[in-house]
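The values are calculated or read from the model by the stated rules, or taken from the named source; none is laboratory data. This is a predicted model, so every value here is computed, not measured. Note: ideal-geometry Cβ built from the backbone for every residue, glycine included; neighbour counts use all protein chains shown. Accessible surface is based on the protein model in full, side chains and every heavy atom, while ligands, DNA and RNA are left aside. Shrake-Rupley method; radii C 1.70, N 1.55, O 1.52, S 1.80 Å.
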Amino acid sequence: MVDMSERSEPAGVPGSGLVKGLAVTLKTMTKRSTTQQYPDVAPELPPRSRGVIALLEENCTVCMLCSRECPDWCIYIDSHKEEVAVPGAARPRQRNVLDRFDIDFSLCMYCGICIEVCPFDALYWSPEFEYAEYDIKDLLHDKDHLGEWMATVPPPPAHDPHGEPAKEETAAARKAAVPAAPAARPTAPPVRPEPAPGGTGEPGDGEGASE
């Protein structure tokens, strides 16, 4: 049987923990404070900060992808159809008109799925985060309120010159590299051989034909 007294560690110097704590305190006191005086000083946010979602209403086609893919079901969309007369068309076409586009930020978890799945770039991230309300009902932003956040959306970052080129640039360069096909020349009709003198015009039916 192992004696527990042999396994116990030797006792430390009395007061060593206090000395270590005071050393940490003195080390921190000698450093310069980096506390940002918010809200007097605005914080420097990363370029891809997720603050609030902005809506570009004219790009929305009411495809409902953002509402269907939202994990929290916090996007509410209503629309109606209108007929658009197209010159030269046999009948007028129909288009969706956006009536309601609300986002409930009391439910949103800022995953960004709605922005990623939007095929027409109608939703954008804005770095603005100061939109707290006293009433939770006021966190339901309508399309007019979401459209006001578009003024705070930063421009897209410049493309990395050492990165992969955009698909549009690659397609344009490939199209410019292909030479234009020459116009097809009209082919002349085949020349029919003239019949031999004294013959009927059939092949082998000449004067020298054997009986």
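Full extension of the chain between Lys81 and Glu133 gives 15.2 nm of extra length, using 0.36 nm per residue less the Cα-Cα distance.
Taking loop as defined by DSSP and a crowding limit of 12 other beta carbons within 10 Å, which trypsin sites (Lys or Arg not before Pro) in segment 20-119 fit? Answer in residue order: Lys31, Arg32, Arg48. Under the classification rounded if a/c is under 1.5, otherwise prolate if a/b is larger than b/c and oblate if not, where does segment 1-122 fall, given a ≥ b ≥ c as square roots of the Cα gyration tensor eigenvalues? In terms of gyration-tensor shape, prolate. Between the beta carbons of Met109 and Val41, assuming R0 = 22 Å, the FRET efficiency works out to 0.15 to the nearest 0.05. A 1.4 Å probe run over the protein chains yields, for segment 1-142, 79 Å² of accessible area per residue, whole-number rounding.
Under the shape rule built on the C-alpha gyration tensor, where the axes satisfy a ≥ b ≥ c, segment 73-165 is oblate, since a/c reaches at least 1.5 while a/b does not exceed b/c.
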